[in-house]
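Structure record follows, encoded as structure tokens.
The values are calculated or read from the model by the stated rules, or taken from the named source; none is laboratory data. None of these values were measured; they are calculated from a predicted model. Heads up, the Cβs are rebuilt from the backbone with ideal geometry, glycines too, and the neighbour counts pull from every protein chain shown. Only protein heavy atoms, including side chains, enter the accessible area calculation; ligands, DNA and RNA are left aside. Shrake-Rupley method; radii C 1.70, N 1.55, O 1.52, S 1.80 Å.
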Amino acid sequence: MNRLYPLLFKPILKERIWGGTKLKTYLNKPISSEITGESWEISTVPNDLSVVNNGALKGKNINELIELFSKDFLGDSVIKRFGNDFPLLFKFIDAKEDLSIQLHPNDFLAKKRHNSFGKTEMWYVMQADSNSRLVVGFKENTTKQEYLHHLENKTLVSILNEVPVKKGDVFFLETGTIHAIGAGVVIAEIQQTSDVTYRIYDWDRVDANGKGRELHTDLALEAITFEKTNAAIAFQAIENTSNQVVDCPYFKTNIIPLDGIYNWSKKQDAFSVFMCTEGELDLLFEEDCFRLKAGNTILIPAVIDNLVFKGNATLLEISI
């Protein structure tokens, strides 16, 4: 049987009405359209299975790897919680225009309605044009009645929290939080494995036939968090150190500002994922060297204990 090694996957590229071309210009993704909004880096969403793009296992999809290697791939701690289900989804997102205002259900509702995980997620801002912003929750605590009043009168944005953003900002979005990525922002997104989104307002956009996208007003109503939320995350960024950014029940994310050499060792019996958001580096594993650049995402199977990173880059380190 082939041995496991650090794994790169072929990006799954998604056209979106709000997408652009920055996934190519900033992150060198092989896009061919002017409206590519998402690059799914590692996914087990049905019909969107990531496929290995390097080494002896090239061409195998991620579920085949889990079947072949099980705990050596996922790790005992992951299997105990999720069985052989891969629990996370990793994306890069380019918003040329505003995304719809939306939210995601929690685990209970998602399981009941869609047989899916919920969708807790975090955003790391990789690039932001001047005057860019995100929509994150309500300005103040509100009520269902007040929300519906503003939704019906197309004044919903007036009670939502619009936050100016810059490169390096982090936001943690619990399920139920109303949110939208604003125009001009490129984001690394880490989330539970789920493609369940409740769209509540789409800026009155219509397609060439004058038709708007589907809204999920009724489904969203039971899922919304009406309390004010502070999703912005403050964190340290000490060079050549793994600095904690988010620690939630579904994933842990650290940031590594690399300037030189960083020796990494596994902290738990689980897979790890590194997303390179800036710069270039070499990842050294045994006799192999993997060259990574901004826009690369690499999965480290649970069986691998030690790595060396060498270069000048910014890395997000994600684990369970």
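Data for the structure
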item	result
Max mean-square fluctuation residue, GNM over the chain, Cα-Cα springs under 10 Å, options GLY20, GLY295, GLY168	GLY168
Cubic angstrom per residue, convex hull over Cα atoms of the stretch 245-294	102
Three-way shape label, the stretch 1-142, alpha-carbon gyration tensor, a/c 1.5	oblate
Fraction of alpha-carbon pairs over 31 Å apart in the chain - percent	30
Candidates ARG291, ARG199, ARG133: whichever shows maximal mean-square fluctuation once the chain is modelled as a Gaussian network with Cα springs under 10 Å	ARG291
Phi to ³J(HN,Hα) by Karplus 6.51 cos²θ - 1.76 cosθ + 1.60 over the stretch 168-173, Hz, x for Gly, Pro	x, 6, 10, 10, 10, 10
Ellipticity estimate at 222 nm from DSSP helix runs (n ≥ 4, -39,500 (n - 2.57)) divided over the chain, nearest 500	-3500 deg cm²/dmol
Long pairs among LYS112/LYS144; LYS29/LYS112; LYS119/LYS144; LYS29/LYS71; LYS96/LYS119; LYS111/LYS144, criterion Cα-Cα beyond 27 Å	LYS29/LYS112; LYS29/LYS71
Protein-only accessible surface order, largest first, of GLU64, GLU38 at 1.4 Å	GLU64, GLU38
Among THR25, THR277, THR197, residue whose mean-square fluctuation peaks in a GNM of the chain (springs only between Cα atoms under 10 Å)	THR25
In Hz, Karplus ³J(HN,Hα) per residue of the stretch 21-36 (6.51, -1.76, 1.60; θ = phi - 60°; x = Gly, Pro)	10, 5, 4, 8, 6, 8, 10, 6, 7, x, 8, 10, 10, 8, 10, 7
5 angstrom amide H check on VAL245, placed H, neighbours 5+ away	THR253, ASN254, ILE255
Only Lys, Arg (+1) and Asp, Glu (-1) charged, at Cβ; the stretch 1-130 dipole about Cα centre in debye	280
Viscosity 1.306 mPa s, 10 °C: Kirkwood-radius Stokes-Einstein D of the stretch 174-300 over Cα pairs, µm²/s	86
Cα-centre dipole for the chain with unit charges at Cβ (Lys and Arg positive, Asp and Glu negative), debye to 20	240
Radius ratio Rg over Rh of the stretch 5-52, counting only Cα atoms, Kirkwood formula for Rh	1.00
Residue-level accessible surface for PHE108, protein heavy atoms, 1.4 Å, Å²	140
Karplus-derived HN-Hα couplings along the stretch 60-75 (A = 6.51, B = -1.76, C = 1.60, θ = phi - 60°), whole Hz, x at Gly and Pro	7, 8, 5, 5, 5, 5, 4, 5, 6, 10, 6, 5, 5, 8, 7, x
